[in-house]
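The values are calculated or read from the model by the stated rules, or taken from the named source; none is laboratory data. All values reported here derive from a predicted model rather than from experimental measurement. Please note: Cβ atoms are built from the backbone with ideal geometry, for glycine as well, and neighbour counts cover all protein chains shown.
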2 protein chains.
Amino acid sequence: MEFKISRDFIAQIEQLISENREKELQDLLEDIHYADIAEIMGELDDSGAIYIFHILDSEKTAEILLEIDEEVREKILRELSSKEIAEELDELSTDDAADIIAELPQDRKEEVISELVDVEHAKDIVDLLRYDEDSAGGLMGKELVKVNENWNVLTCVKEMREQAANVQRVHSIYVVDDENRLKGRLSLKDLLTTSTKTPISEVYIPKVDFVKVDTPDVEVARIMQKYDLEAIPVIDELGRLVGRITIDDIVDVIKEEADKDYQLAAGISQDVEADDSIIELTRARLPWLVLALLGGFITVKVMGLFDAAMKAHGELFFYTPLIAAMAGNVGVQSSAIIVQGIANNTISGSLFSRLIKEVSLSLLNGTILAIILILGSHFLLDVDYDLGLTISISLISVIIIASLIGTFIPILLNKVGVDPALATGPFITTSNDICGILIYFTIARAILGF
Amino acid sequence: MEFKISRDFIAQIEQLISENREKELQDLLEDIHYADIAEIMGELDDSGAIYIFHILDSEKTAEILLEIDEEVREKILRELSSKEIAEELDELSTDDAADIIAELPQDRKEEVISELVDVEHAKDIVDLLRYDEDSAGGLMGKELVKVNENWNVLTCVKEMREQAANVQRVHSIYVVDDENRLKGRLSLKDLLTTSTKTPISEVYIPKVDFVKVDTPDVEVARIMQKYDLEAIPVIDELGRLVGRITIDDIVDVIKEEADKDYQLAAGISQDVEADDSIIELTRARLPWLVLALLGGFITVKVMGLFDAAMKAHGELFFYTPLIAAMAGNVGVQSSAIIVQGIANNTISGSLFSRLIKEVSLSLLNGTILAIILILGSHFLLDVDYDLGLTISISLISVIIIASLIGTFIPILLNKVGVDPALATGPFITTSNDICGILIYFTIARAILGF
């Protein structure tokens with residue numbers, strides 16, 4: 001039941017824009033969800049997107065502004081006056097409004113804030129701008145329903161009705177004391193099933209999960225997932241209730257974090273999309289390729305050390321890409337499992353037991369692969385006994401070393417506080433190429449003697 | 001405020017278990033969240049975990065059963081009678097209960113179902129077992145609050161109070177007709193802010209997002225994310241309301257899908273964790289390594305075709321790992337961006353414009369890298385002019401081809417209905433190794449003439 005945006009539909013809209021048929025466009029877009037309109041605007045050229053934005057009413061455009069691609073948003077915001085931006089923000093929840101203000105240039109920020117009509121809303125937004133965007137404070141919104149522990153349910157319901165009118169979705173009703181310190185919560189179910197005469201102090205649940213304003217966003221995501229929470233209150237240093245984080249914001253954090261790790265594993269260092277500009281894509285990709293190229297230089301140098309082998313055992317050089325590929329693949333597998341284990345907090349046991357496990361695993365995999373290699377080289381490639389032995393022993397050794405490098409570099413990085421995801425992909429394949437080739441030729445020299 | 005499980009705490013629990021001090025264990029675990037107890041049980045040996053399970057009351061154990069590692073769960077379920085399992089399931093929501101039953105052997109399934117006390121609950125669970133676990137039907141639960149469009153608000157509130165008692169979290173109130181066909185929804189906010197005398201037909205929102213029972217789970221996740229939904233109703237072929245999916249189930253789908261793509265990109269073909277057994281890890285990793293090894297054979301064969309170069313231009317062979325590494329890295333980058341773009345539905349434009357973009361991007365990256373390569377080879381490796389030219393032209397060509405392979409293989413797979421994530425990692429690096437080396441030696445032969 002999702003709205004499907006067809007090429008014909010886009011063409012129809014472009015036609016209507018070019019003929020300036022505002023009323024028909026409004027009618028056409030009337031029943032379409034803001035997320036779909038944002039997608040449609042992404043398909044249009046800039047002037048078309050801005051045209052659409054201007055003919056819709058601000059309730060819809062505010063949500064569109066949130067959904068749309070960052071670049072298109074930037075262009076639209078540049079076209080709008082500070083007063084117009086403030087009108088959009090008045091329609092949004094505090095956390096979303098703060099996110100958009102944070103994207104504005106410094107001088108415009110203040111102008112836009114001064115144009116906000118609702119003073120309470122403006123105060124909340126300014127408060128949210130103080131926090132780091134990757135912390136609980138940066139994620140939270142100010143919209144929440146809270147009641148005083150000293151009230152009775154009747155006062156409560158009255159107050160809540162008023163508060164709920166400003167809150168899009170009521171997740172939980174928080175209970176605070178006179179100093180606004182978080183004491184507990186009331187569930188919506190309690191609200192529906194408890195008699196209105198009960199005093200709050202008797203019905204509230206004193207045990208409540210919370211995070212602090214400076215808790216990192218990925219930590220908040222992990223806690224909410226672990227404890228299966230749809231919303232979590234945020235407290236400041238003094239234990240006062242200052243905001244709440246809802247699960248939909250956490251879905252974005254989880255998605256972003258997963259995308260980031262995935263891109264790092266593929267050697268892409270910034271958050272880019274297929275539709276980004278060539279310059280942006282190059283900036284994200286080139287550094288890793290330069291790293292790989294420098295690693296490549298080292299492999300050339302390493303092989304240069306063994307060029308005496310060229311005359312008597314030239315075939316040795318035919319196997320270097322095979323050895324390098326195996327080292328790279330094993331290393332990436334090991335590092336991926338460790339990086340995920342660290343992220344999901346599912347790694348138990350000591351470093352030593354991990355070492356034993358990786359070595360056993362590599363011995364098993366390496367032996368199976370060496371057997372395939374021996375059979376393959378014998379029947380397919382017609383390799384003599386000594387060379388076959390050299391390649392097989394090298395393969396097993398390289399696999400063991402590669403898996404140890406793949407396992408322990410991420411663990412090490414994590415220990416010193418660096419994102420272990422950095423050590424997947426090109427970093428591991430490049431180091432393993434170098435080590436693999438060095439091990440291979442060293443073993444070859446020992447066996448074949450050149 | 002998350003509970004931190006220390007080694008000391010585990011040791012204390014092991015001590016209490018060995019001394020059979022049941023009461024003290026119960027007191028110790030009393031205030032600990034089920035998710036934390038599940039984690040603690042994961043750290044104990046099997047008999048310890050089962051001991052803990054037996055001394056806790058079924059309200060807590062049911063939730064623990066859901067949270068705990070699949071292997072530990074399997075062992076615990078084997079220890080329990082069908083009646084005991086049914087008691088646990090009676091505490092769980094229908095979707096969670098159905099998930100656990102689905103893991104049981106066929107003969108036990110029926111036994112357990114026949115032991116369920118609550119007949120309505122049992123009927124719902126049996127109904128859910130019909131659906132594919134990767135579809136909306138497999139994700140949905142039966143717990144929802146629905147009202148008839150023909151009721152007035154008074155009847156509604158009374159009915160809802162009763163229904164809400166069986167529902168853990170009230171997300172939305174769905175409106176159906178006499179045939180149980182989904183007509184629309186009532187928001188909780190409306191409930192809190194509307195006078196109780198209003199008739200339903202006047203307040204309900206006729207526009208409601210929904211999915212069908214056979215919608216794939218990743219599609220449900222995408223829709224709920226796109227439209228920012230916390231719950232979505234599920235309808236059957238006749239438009240009847242049969243269940244609802246909540247955002248916490250979707251968080252799991254997103255996480256699993258991201259983990260799966262990440263693992264595929266790293267050459268790991270099943271959902272494994274660092275703590276899985278060596279056999280399981282081998283089963284997930286070995287197939288990709290065999291693929292890479294077979295690819296390696298082909299690179300050996302390809303180089304064999306050019307062995308005439310060995311005498312006059314032996315240094316050519318020093319560069320094969322460098323060329324292969326660059327081809328692999330570029331290919332993985334391109335495929336990762338496309339795979340993510342396909343997953344997030346953010347790829348626009350024609351195949352031809354994508355082709356132009358990839359070629360331009362590769363030309364830019366390739367030229368920069370070739371310049372670094374020429375300078376590096378000249379100053380670091382003392383390479384002569386012809387060889388330098390050969391390597392540079394090869395590098396640019398290989399980068400272009402590798403990025404095209406990386407881009408279009410996932411697109412092609414997606415078109416024929418295969419998961420494009422399969423084409424990241426080892427698959428792309430192996431094909432690119434082969435193509436890269438073939439291109440390199442072909443260009444070398446053309447320039448150097450051997």
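Residue A:375 - would you say it is under 31 Å from the mean Cα position of the chain (by Cα) and either free of Cβ contacts under 8 Å to residues at least 60 places away in the same chain or more than 22 Å from residue B:433 (Cα to Cα) (or both)?
In short, no.
Just name the residue that is nearest to residue B:172 (Cα to Cα) out of those in segment B:98-155 that are touching a residue at least 40 places away in the same chain (Cβ under 8 Å) and among the polar types (S, T, N, Q).
B:148
Rundown of residues vs (1) part of a loop (DSSP other than H, G, I, E, B); (2) touching a strand residue (DSSP E or B) at 6+ places or on another chain (Cβ under 6 Å); (3) within 30 Å of residue B:356 (Cα to Cα), yes/no style:
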| site | (1), (2), (3) |
| --- | --- |
| A:268 | yes, no, yes |
| A:282 | no, no, yes |
| A:288 | no, no, yes |
| A:292 | no, no, yes |
| A:319 | no, no, no |
| A:340 | no, no, no |
| A:353 | no, no, no |
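Just to check your reading of the model, which residue among A:85, A:55 is buried (at least 18 other Cβ atoms within 10 Å of the Cβ), of a type in the set (Val, Ile, Thr) and either within 30 Å of residue B:215 (Cα to Cα) or touching a helix residue (DSSP H, G or I) at 6+ places or on another chain (Cβ under 8 Å) (or both)? Full working, then the answer.
Details: A:55 fails: buried (at least 18 other Cβ atoms within 10 Å of the Cβ).
Just a single option satisfies the conditions, and that option is A:85.
Of all residues in segment B:303-323 being at pLDDT 90 or above and within 13 Å of residue B:450 (Cα to Cα), which is surrounded by the most Cβ atoms within 10 Å (Cβ to Cβ)?
Taking the candidates together, the pick is B:316.
Kindly check whether there is at least one residue in segment A:369-379 that is surrounded by fewer than 20 Cβ atoms within 10 Å (Cβ to Cβ), within 9 Å of chain B (Cβ to nearest Cβ) and either in contact with a strand residue (DSSP E or B) (Cβ under 9 Å, 6 or more places away or on another chain) or over 21 Å from residue B:283 (Cβ atoms) (or both).
yes
When you check residue B:391 against the structure, is it under 36 Å from the mean Cα position of the chain (by Cα) and surrounded by 19 or more Cβ atoms within 10 Å (Cβ to Cβ), yes or no?
no
Looking at segment B:238-248, which of the residues that are more than 10 Å from chain A (Cβ to nearest Cβ) and in contact with a helix residue (DSSP H, G or I) (Cβ under 9 Å, 6 or more places away or on another chain) is farthest from residue B:421 (Cα to Cα)?
Ranking the qualifying residues of segment B:238-248, first place goes to B:242.
Which is touching a Ser or Thr at 6+ places or on another chain (Cβ under 8 Å) and among the aliphatic types (A, V, I, L, M), of A:112, A:117?
A:112 is the lone residue from the list that is touching a Ser or Thr at 6+ places or on another chain (Cβ under 8 Å) and among the aliphatic types (A, V, I, L, M).
Look at residue B:347 and say whether it is assigned to a loop (DSSP other than H, G, I, E, B), without any contact (Cβ under 8 Å) to a residue 60 or more places away in the chain and either in contact with a Gly (Cβ under 7 Å, 6 or more places away or on another chain) or more than 8 Å from chain A (Cβ to nearest Cβ) (or both).
Taking the combined requirement at face value, the residue satisfies it.
Hey, any hits in segment B:324-331 for a residue that's surrounded by fewer than 22 Cβ atoms within 10 Å (Cβ to Cβ), in contact (Cβ under 8 Å) with a residue 12 or more places away in the chain, small (Gly, Ala, Ser) and more than 8 Å from every other protein chain (Cβ to nearest Cβ)?
No - not one qualifying residue is present in segment B:324-331.
Among the helices (runs of 4 or more DSSP H) lying completely within segment A:101-176, list those that include at least 1 residues that are more than 23 Å from residue A:91 (Cβ to Cβ).
The qualifying helices (runs of 4 or more DSSP H) are A:106-115, A:136-139, A:153-164.
In segment B:284-317, what residues are of a type in the set (Lys, Arg) and over 19 Å from residue A:335 (Cβ atoms)?
If the condition is that a residue be of a type in the set (Lys, Arg) and over 19 Å from residue A:335 (Cβ atoms), then B:301, B:311 are the ones that fit.
Test of understanding: among B:443, B:372, B:428, which residue is closer than 23 Å to residue A:302 by Cβ and β-branched (Val, Ile, Thr)? Quick ask: steps written out before the conclusion?
Working: B:443 fails: closer than 23 Å to residue A:302 by Cβ; B:428 fails: closer than 23 Å to residue A:302 by Cβ.
Every option except B:372 fails the conditions.
Considering only residues that are under 18 Å from the mean Cα position of the chain (by Cα) and either crowded, with 20+ Cβ neighbours inside 10 Å or within 8 Å of chain A (Cβ to nearest Cβ) (or both), which ones fall in segment B:194-218?
Filtering segment B:194-218 for residues under 18 Å from the mean Cα position of the chain (by Cα) gives B:215-218.
Residues satisfying the conditions are B:215, B:217.
Can you tell me which residue in segment B:226-237 is nearest to residue B:140 (Cα to Cα), limited to those that are more than 10 Å from chain A (Cβ to nearest Cβ) and surrounded by fewer than 18 Cβ atoms within 10 Å (Cβ to Cβ)?
Ranking the qualifying residues of segment B:226-237, first place goes to B:236.
Being more than 12 Å from residue B:250 (Cα to Cα) and among the basic types (Lys, Arg) is the filter here; which residues of segment B:215-234 pass it?
Matches in segment B:215-234: B:226 only.
Do you know which residues across segment B:238-265 are crowded, with 18+ Cβ neighbours inside 10 Å and touching a strand residue (DSSP E or B) at 6+ places or on another chain (Cβ under 6 Å)?
Within segment B:238-265, B:241, B:242, B:243, B:244, B:245, B:246 qualify.
In segment A:278-301, what residues are more than 25 Å from residue B:316 (Cβ to Cβ), buried (at least 17 other Cβ atoms within 10 Å of the Cβ) and either among the basic types (Lys, Arg) or touching a residue at least 40 places away in the same chain (Cβ under 8 Å) (or both)?
Selection gives A:285, A:288.
Restrict the check to segment A:66-77 and report whether at least one residue is more than 27 Å from the chain's Cα centre (by Cα) and either within 24 Å of residue B:229 (Cα to Cα) or part of a helix (DSSP H, G or I) (or both). It would help to see each step written out before you state the result.
To start, the set of residues in segment A:66-77 that are more than 27 Å from the chain's Cα centre (by Cα) comprises none.
Within segment A:66-77 (the criterion being more than 27 Å from the chain's Cα centre (by Cα) and either within 24 Å of residue B:229 (Cα to Cα) or part of a helix (DSSP H, G or I) (or both)), the answer is no, since none of the residues qualifies.
For residues that are among the β-branched types (Val, Ile, Thr) and either buried (at least 24 other Cβ atoms within 10 Å of the Cβ) or at the interface with chain A (Cβ under 9 Å from one of its Cβ atoms) (or both), tally how many sit in segment B:415-433.
Counting residues in segment B:415-433 that are among the β-branched types (Val, Ile, Thr) and either buried (at least 24 other Cβ atoms within 10 Å of the Cβ) or at the interface with chain A (Cβ under 9 Å from one of its Cβ atoms) (or both) gives 4.
Quick test for you: out of B:369, B:380, pick the one residue that is in contact (Cβ under 8 Å) with a residue 40 or more places away in the chain, closer than 20 Å to residue A:433 by Cβ, assigned to a helix (DSSP H, G or I) and aliphatic (A, V, I, L, M).
B:369
Take residue B:104 and tell me if it is modelled with pLDDT of 90 or more, out of contact with any Asp or Glu (no Cβ under 7 Å at 6 or more places or on another chain), buried (at least 17 other Cβ atoms within 10 Å of the Cβ) and more than 23 Å from residue B:137 (Cα to Cα).
Criteria not met by residue B:104.
Name the residue, out of B:62, B:11, that is under 32 Å from the mean Cα position of the chain (by Cα), part of a helix (DSSP H, G or I) and either free of Cβ contacts under 8 Å to residues at least 60 places away in the same chain or closer than 30 Å to residue A:208 by Cβ (or both).
B:62
Would you point out which residue out of B:367, B:429, B:442 is closer than 23 Å to residue B:318 by Cα and more than 41 Å from the chain's Cα centre (by Cα)?
When all the criteria are applied, what remains is B:442.
Could you list, in sequence order, the residues of segment A:401-435 that are outside any helix (DSSP H, G or I) and under 19 Å from residue B:333 (Cα atoms)? Working first, answer last.
Initial filter on segment A:401-435 (outside any helix (DSSP H, G or I)): A:416-419, A:424-425.
Hits for segment A:401-435 are A:424, A:425.
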